[in-house]
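First up is the structure itself, then whatever we jot down about it.
The values are calculated or read from the model by the stated rules, or taken from the named source; none is laboratory data. On a predicted model such as this, the values are computed, not experimentally measured, just so you know. As a convention, Cβ positions derive from the backbone with ideal geometry for all residues, glycine included, and neighbour counts pool all protein chains shown. With ligands, DNA and RNA removed, areas are computed over all heavy atoms of the protein, side chains included. Shrake-Rupley method; radii C 1.70, N 1.55, O 1.52, S 1.80 Å.
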Amino acid sequence: GGSDDGGSGSSGGGGSDDLTMGFAQVGAESGWRTANTKSVQAAAKEAGIDLKFSDAQQKQENQIKAIRSYIQQRVDVIAFSPVVETGWDTVLQEAKRAKIPVILTDRAIDSDDTSLYETFLGSDFVVEGQKAGQWVVDNAETNDVDKDGTINVVEITGTTGAAPAIDRKSGFEDKISSDPSIKIIASQTGDFTRDGGKKVMEAFLKSKKGIDVVYAHNDDEGLGAIEAIEAAGKKPGVDIKIVTVDAVKDGMTALSEGRINYIVECNPLLGPQLMDLAKKVAAGEDVPERVETKETAFDQQQAKKVLADRQY
Amino acid sequence: MTGVSVTFPGVKALQSVGLTLRAGEVHALMGENGAGKSTLVKALTGVYAIDAGTIVVGGEPRTFTSPAESQAAGISTVYQEVNLCTNLTVAENMLLGREPRSFGRIDTRTMNRRAGIVLTRLGLDIDPRSRLGEHPIAIQQLVAIARAVDIEADLLILDEPTSSLDADEVEKLFAVIRTLRNEGTAIVFVSHFLDQVFEISDRMTVLRNGQLVGEYVTAETSRLELVRAMIGRELETLERIERQAEEKDVVEAGEPLLQVVQLGRKGSVEAVDLSVFDGEVIGVAGLLGSGRTELARLLFGADAADTGTVSVKGRRTRLRTPRNAIDHSIAFSSEDRRAEGVIGDLSIADNMILALQASRGWLRPVNAGTKERLVRSYIEALDIRPPDPQALMRNLSGGNQQKVLLARWLITDPELLILDEPTRGIDIGAKAQIQQLVTDLAGRGVAVVFISAELEEVLRLSDRLVVMRDRHKIDERVNDDVSVSDVLEIIAGEVRADA
Amino acid sequence: MSAHTPTADDLRGSATDRLRQLTPPRRFYPVLATAALFVGMLGAGGIRYEGFTSPQVILNLLVDNAFLIVLAVGMTCVILTGGIDLSVGSVVALSTMVAASTLRAGWPAALVVVAVLLSGSVLGLLMGLVIHYFEIQPFIVTLAGMFLARGLCYLISIESIPIKDPTFTSFAMGTIDLPGGYFITPAVLVALFVLAVAAWGLHMTRFGRTVYAVGGSEQSALLMGLAVARTKVGVYVISGFCSSLAGLLFSVYMLSGYSLHAVGMELDAIAAVVIGGTLLAGGSGLVLGSALGVLVLGTIQTFISFDGNLSSWWTKITIGVLLLVFVVIQRLFTRRQA
Amino acid sequence: MRSALRHPLFWPVLALGILLLVNLVATPSFFSVRVQDGHLYGSLIDILRNGAPTLLIALGMTLVIATRGIDLSVGAIVAIAGAVSCTYLAGAPDESSAGRAIVAMSLAVGVCILLGLWNGFLVAVLGIQPIIATLVLMTAGRGLAMLITDGQIITVNNSLFKKVGAGFVLGLPVAILIALAILLVTAVLTRRTALGMLIEAVGINPEASRLAGVRSRTITWTVYVFIAFCSAVAGLMIASNTSAADANNAGLFIELDAILAVVIGGTSLAGGRFSLTGTFIGAMFIQTLATTIPTIGIPSETNYLFKAIVVILVCLLQSPKARAVLRVRRPAPLLTRGSQA
Ligand SMILES: Nc1ncnc2c1ncn2[C@@H]1O[C@H](COP(=O)(O)OP(=O)(O)OP(=O)(O)O)[C@@H](O)[C@H]1O
Ligand SMILES: Nc1ncnc2c1ncn2[C@@H]1O[C@H](COP(=O)(O)OP(=O)(O)OP(=O)(O)O)[C@@H](O)[C@H]1O
Ligand SMILES: [Mg+2]
Ligand SMILES: [Mg+2]
């Protein structure tokens, strides 16, 4: 091994007295994650931080191993996106003992001991679900495509058990419970993939009547659902409304073309903010306990405007 | 046991057969290939469930549902095909399930020592710690026997234990059997060697087509009677062959079909010179482990030689894989039929046609009509039972499998046929047929290399004799009235000269 | 080997005997090859990366892979009989789930441990019974077992559950200090103990020898009158037990139960066993080899994290390439010996 | 009737029938097929179309398994095929031209055949155990696919390319037509020539086959190339179905489905006798099961449980031993399995 690919760029600034950061990424399971990784790598180069990157292939134990090895290698800051909320106490204790500050990105951890990490940088999946739900509620009128007084929602969930899937589901349910005319008539996992979304939607279209809205946990599932809807001879975005989460480029394109109705953003470009925090933390400065990324939501009009400068 | 029946889908392997065994007596079980001997053994020991009938042991009716149960009831068995684990050591194989233990752990030292003692008793000089798979099939058979003998049982069943042993080993086995008999053990002995049966048994039961023919007292029965009981017809064939073999004379002229010079392989056979001419039968004699099989494998390219040269019909060539040899019309029937011959889950027809098909390549299948004709004709010629081309190979009796494998090679129409123990486990009728076949083939110009543990057979058939010892070729001579004792002398003489 | 003459034989026999005692038996060759390559890999890592061969890094191989060693031990037993157990990863997840949820419900730690071990063993028992008595292929039965265990996880909860029980947390935080400032965790001791018991059991008990016999030839073992049924079912119970024990170690390691834990870990376990020189056909291999296999996989991981410059896909490719280099060299090694 | 009962495919077919029936009860419109935009439309059509990739891979897997092997790398090859074709297409100046699509697909198939040669080399020439030999590509292959796509989902817009996985010809899905055509060709190649018999011989007893002159090495090598080819085509279908290459998820766990299909179809993992018809039924069963889950509304959390129970039931149904236990006592308790000495 040992071949070095162009994209990783470790020794941006060069000097050995630079700040070294160990970053334990979850994996590369989606385009979103890849954009996230790239943002971190690019920002590190920009900021002259020596980045040690490792990919855990969706396994928490690999992340723990990576963090351990960062401790061994005495990096200055450790940052990671936890695969799950739980189970970090032991290794973070070790980091604390070694006096290496830790920054969480993308997702918080569930620990009673908040001294284990300096700060959290990321978004809140529950809020994302709520935004999607709020949109359905707010546009109840137009969303009731068949005008029968009830809005039948089919939900294509993410990977069963995955944190975003759980939170986006509960956030969504939270909001739509306020309106008794909105009902989830079917919910099935599409594993966050286009293929999954398409297959699940195909089955829904055949077994469920009067579908008004599709709520997909990410853009890819939504894009898959679009294919299925078109194959059934219906117009996505018109005959059936679609709301998704993420706002990746393909999703935004579909949104601007009117095939998706609403996308809640989940911003992967955490790199610059992360590097800022890292420098502060390393310098011993105080940082807020929680830094939320700037995130918005797009409807079709807004999508057209921002599409051009969408990078991922 | 009385009235025992066993049915397989489509075959009534045993119909209402009875067998009475007495302590301190050797009971021979006789019958042609496929008569049901092995099935009877397996029914008796709980491998097959019986459809009807009763088994009474020591006055008590018993039904065994597994070999473990029959073993616990004092029955120790060597089944026809060597049923040991080649991945374990010799000692482990002998004592599996009965390992000596101290403080709950297996006492390996005692185990090896105990195994060594039993092996010595059978005249086997091998390391109990060596892996069983390293040894040739004959040694494995002896180890299986050693295992059975070591289980101090009331009843010892040996299904064709001597099929790959030579005279020496057989004598040692018989000595052990006699001792056990005198100690009061009942022994069932299955064999196709009439000499051995007459030498060792007290009583015989004959089966034919799954049915009981009768029980005979050995001392009061003549060979002819026995053979007639077994096959239901007279046996003239044997004599006819002897005559033919004597009449034939081969001219060793011109180019040899196959010539090897200094052919050898490290750790197997050392530098052998050999020329084989058309229409000639070369017998290879030697004691167990003398390297006959290894020589045959080198000639066929089953193992690649690392020294020496090979020429076929005067042209230099290399035999690195069986394919090379087959392309030169050389055929080889292995001694280890279960591991190296039988394709158990394919039909008789597919098994027979395999070598021919392989040499034609997959794109040119043997056409269905030709295949049917070939298969049928060999089933008939070799009297294979059941005569159903679609029967699965693994359901055939041992002897019939051997016949199918012979047919596999005959179908390829070879110019040189290497037969390693082709008559193992074959009944006397079939044996005569095969010997006849070898003679016929030679008459038609096919060269045959014939290896057998049975020296008489080798001598009867061969035109030229090669004698091996300790992986060397120590002698080669034209077979004009060489006798068994001559050969033994050659082997022994060399040993003395050596030491 | 030996000739037939007693005189010549006596001399040669004893000489070869003595030689034989010095050279290791042939069945150890694959394991020795694995061990040699493992050391070679560490050396290569040490040359390439600073601090790679520091004792703690090597100890961390054990600390971080204790559960995998336990898992590989169970898997080895199954594979030695010629079977396979795909359910182990899911059973690990199920065990973490059962442990976390029962602890949350307030069960005492000892009871939880017993319950987890019992449930894993029972699942193994069920699979073993189906495999043996219904003669369904192990691959399929354990695949169903894998689905079943994963499904049960979701049934318990789809969210992760933290473990806050003091016994578990103290076990998790506890370290055993070694001279020189190095440390290991109690889990390492558990794993080494399991390894030792398995090695002893496989070589020193009838059950163990029967495992090898069944793997060599099930039919022969049956005809030899061995307890084939008990052995075949037994190895799945052992594997189930080991999986749930590994699950406990894992839940200590993670201090959480989660239904997506240990996805694909069965492949790691199988790979470790095969890398350790065990034949998938059964009948040949050593548990010690499997433990070495785990360490080899761990070393590959360590390579990756020490490098720190590999993007996600290069990580996968590098793992594949290292695996390849390893199995090819090992193969050439063992082939020359054979 | 008795002979039907004894037919090895009776039980898999029965299981498939039951599953379809369950669907019919749950959703009465399940069997309805209507014409939509000039092609057939309905759940059954979906099953055929979505089942095509699994069927193809199961087809290759059948032959690999018949030689006592296994191929874990099929999922990675699926991803690579999609990645190669879509990346090429997306980078081409005339992305939507038919010619480009053909070049893209040929390129993908070519690359995958090289990978098959590689797997075959490891197994047949170096003699590495198939599971570990293909594990190498299983791990590295997905990395390669991601390297090609740069970790992104590559979306393409090409109508010919879209046809392979999502299109229709004569009202029927192109995917299933391709899969059936390959199935047919394979059936003819294995059963009308001697190939099938030789593959079985190699799988049942490799050493005996070698001594009988069978080129077992070449045969083994060929089946790995063949399964790579099948996976490549399957990969194209999967990519084409959504007009996108998802290097991470395309073909994830498809090896398990394929193996399951093979086994349900009655081919033993121990190698030897194989049944292509059985594999076809097995693959259709797997896909029907996958479609059933969202159709009858099984909650996501219980998917696995449901799958586990169905698999167990089908296998029990299929096992002669289990049926015998449930029915009556039968003789011949032992020696039904061939031993591998
Ligand atoms: N498992 C089986 N299934 C079907 N038929 C079988 C099975 N085992 C044996 N048979 C058939 O039963 C008959 C008796 O076979 P058996 O093995 O007992 O013969 P045998 O007397 O031992 O012959 P040999 O001397 O060749 O060993 C044969 O026709 C054989 O084909
Ligand atoms: N009595 C014995 N003691 C130890 N080893 C033996 C003995 N007999 C044979 N061997 C082994 O057999 C090997 C040679 O076997 P080979 O198969 O060539 O013999 P063979 O003459 O064909 O005998 P067989 O007729 O039994 O097949 C030797 O390498 C040796 O390991
Ligand atoms: Mg017999
Ligand atoms: Mg021999």
**Asked** For C:T278, are the conditions met, namely being crowded, with 24+ Cβ neighbours inside 10 Å and part of a helix (DSSP H, G or I)?
**Response** no
**Asked** When you go through (1) within 16 Å of ligand 4 (Cβ to nearest atom); (2) farther than 13 Å from B:I451 by Cβ one by one for B:S333, which number turns out not to apply?
**Response** (2)
**Asked** Do we have D:R210 as basic (K, R) and more than 20 Å from B:D345 (Cβ to Cβ) here?
**Response** no
**Request:** Assess whether D:E255 counts as being over 21 Å from D:M197 (Cα atoms) and either free of Cβ contacts under 8 Å to residues at least 40 places away in the same chain or in a loop (DSSP other than H, G, I, E, B) (or both).
**Result:** no
**Asked** Given the residues B:R98, B:R109, which is the only one that is open to solvent by 40 Å² or more (accessible area, probe 1.4 Å) and away from every other protein chain (no Cβ under 11 Å)?
**Response** B:R109
**Request:** Could you identify the single residue in B:R360, B:R337, B:R408 that is charged (D, E, K, R) and either within 30 Å of B:E270 (Cβ to Cβ) or within 16 Å of ligand 3 (Cβ to nearest atom) (or both)?
**Result:** B:R337
**Asked** Given B:R203, B:R228, which one is more than 16 Å from ligand 4 (Cβ to nearest atom) and in contact (Cβ under 8 Å) with a residue 40 or more places away in the chain?
**Response** B:R203
**Asked** B:I428 fails exactly one of the following numbered conditions: (1) crowded, with 23+ Cβ neighbours inside 10 Å; (2) within 16 Å of ligand 1 (Cβ to nearest atom); (3) of a type in the set (A, V, I, L, M, F, W, C). What is the number of that condition?
**Response** (1)
**Message:** If I filter region C:288-308 for residues that are open to solvent by less than 10 Å² (accessible area, probe 1.4 Å) and not in a helix (DSSP H, G or I), do I get at least one hit?
**Reply:** yes
**Prompt:** Is it true that some residue in region A:137-149 is touching a residue at least 40 places away in the same chain (Cβ under 8 Å), touching a Phe, Trp or Tyr at 6+ places or on another chain (Cβ under 6 Å), open to solvent by less than 10 Å² (accessible area, probe 1.4 Å) and part of a helix (DSSP H, G or I)?
**Reply:** no
**Message:** Being more than 22 Å from the chain's Cα centre (by Cα) and buried (at least 20 other Cβ atoms within 10 Å of the Cβ) is true for just one of D:V214, D:V174, D:V223. Which residue is that?
**Reply:** D:V214
**Item:** region B:460-487, residues that are open to solvent by less than 50 Å² (accessible area, probe 1.4 Å) and closer than 22 Å to B:P256 by Cα
**Value:** B:L461, B:S462, B:D463, B:R464, B:L465, B:V466, B:V467, B:M468, B:I474, B:D475, B:N479
**Prompt:** When you go through D:T67, D:T62 one by one, which is the residue that is over 24 Å from D:A239 (Cβ atoms) and of a type in the set (S, T, N, Q)?
**Reply:** D:T67
**Asked** For region B:45-60, how many residues meet the condition of being within 14 Å of B:G18 (Cα to Cα) and more than 14 Å from chain D (Cβ to nearest Cβ)?
**Response** 4
**Message:** Based on this model, can you work out whether B:D420 counts as more than 16 Å from ligand 2 (Cβ to nearest atom) and among the charged types (D, E, K, R)?
**Reply:** no
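Condition check ((1) in contact with a Leu (Cβ under 9 Å, 6 or more places away or on another chain); (2) of a type in the set (F, W, Y)) across all residues:
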{"site": "B:G398", "(1), (2)": "no, no"}
{"site": "B:W409", "(1), (2)": "yes, yes"}
{"site": "B:L416", "(1), (2)": "yes, no"}
{"site": "B:E421", "(1), (2)": "no, no"}
{"site": "B:T439", "(1), (2)": "yes, no"}
{"site": "B:F450", "(1), (2)": "yes, yes"}
**Request:** Please give the number of the condition B:L84 fails out of (1) under 30 Å from B:E60 (Cβ atoms); (2) surrounded by 24 or more Cβ atoms within 10 Å (Cβ to Cβ); (3) not β-branched (V, I, T).
**Result:** (1)
**Asked** Looking at region A:284-312, which of its residues are within 13 Å of A:L269 (Cα to Cα) and surrounded by 11 or more Cβ atoms within 10 Å (Cβ to Cβ)?
**Response** A:E292, A:T293, A:E295, A:R310, A:Y312
**Prompt:** If you take the residues of region B:277-290 that are more than 11 Å from every other protein chain (Cβ to nearest Cβ) and surrounded by fewer than 23 Cβ atoms within 10 Å (Cβ to Cβ), which of them is nearest to ligand 1 (Cβ to nearest atom)?
**Reply:** B:G279
**Item:** Failed item in (1) open to solvent by less than 10 Å² (accessible area, probe 1.4 Å); (2) away from ligand 1 (no atom under 16 Å from the Cβ); (3) closer than 20 Å to B:A453 by Cα, with B:G341 passing the rest
**Value:** (2)
**Message:** Which residue is most open to solvent (accessible area, probe 1.4 Å), if the candidates are limited to region D:268-279 and must be in contact with a helix residue (DSSP H, G or I) (Cβ under 6 Å, 6 or more places away or on another chain) and closer than 19 Å to C:L280 by Cα?
**Reply:** D:L269
**Item:** Inter-residue pairs, beta-carbon under 7 Å, first within 14 Å of chain D (Cβ to nearest Cβ) and in region B:12-38, second away from ligand 3 (no atom under 14 Å from the Cβ), 6+ apart
**Value:** B:A13/B:T7; B:L14/B:V4; B:L14/B:S5
**Item:** Matching option when the condition is within 16 Å of ligand 1 (Cβ to nearest atom), more than 30 Å from C:G285 (Cα to Cα) and either of a type outside the set (D, E, K, R) or open to solvent by less than 30 Å² (accessible area, probe 1.4 Å) (or both), among B:V41, B:V47
**Value:** B:V41
**Residue ranges of strands (runs of 3 or more DSSP E) in region B:30-142 with at least 3 members within 30 Å of B:V227 (Cα to Cα)** = B:52-57, B:75-78
**Prompt:** Out of (1) in contact (Cβ under 8 Å) with a residue 24 or more places away in the chain; (2) open to solvent by less than 30 Å² (accessible area, probe 1.4 Å); (3) within 14 Å of chain C (Cβ to nearest Cβ), the odd one out for D:I148 is which?
**Reply:** (2)
**Message:** Could you tell me how many of the residues in region D:79-96 are touching a Leu at 6+ places or on another chain (Cβ under 8 Å) and among the hydroxyl-bearing types (S, T, Y)?
**Reply:** 2
**Request:** Determine whether A:S177 is under 16 Å from A:V127 (Cα atoms), surrounded by fewer than 24 Cβ atoms within 10 Å (Cβ to Cβ) and more than 20 Å from the chain's Cα centre (by Cα).
**Result:** yes
**Item:** Boolean, D:S85 is buried (at least 24 other Cβ atoms within 10 Å of the Cβ) and more than 18 Å from the chain's Cα centre (by Cα)
**Value:** yes
**Request:** Considering only residues that are assigned to a loop (DSSP other than H, G, I, E, B) and in contact (Cβ under 8 Å) with a residue 40 or more places away in the chain, look in region B:294-324 and name the one that is farthest from ligand 4 (Cβ to nearest atom).
**Result:** B:G314
**Message:** Being within 14 Å of another protein chain (Cβ to nearest Cβ), assigned to a loop (DSSP other than H, G, I, E, B) and more than 26 Å from C:R26 (Cβ to Cβ) is true for just one of B:A153, B:A148. Which residue is that?
**Reply:** B:A153
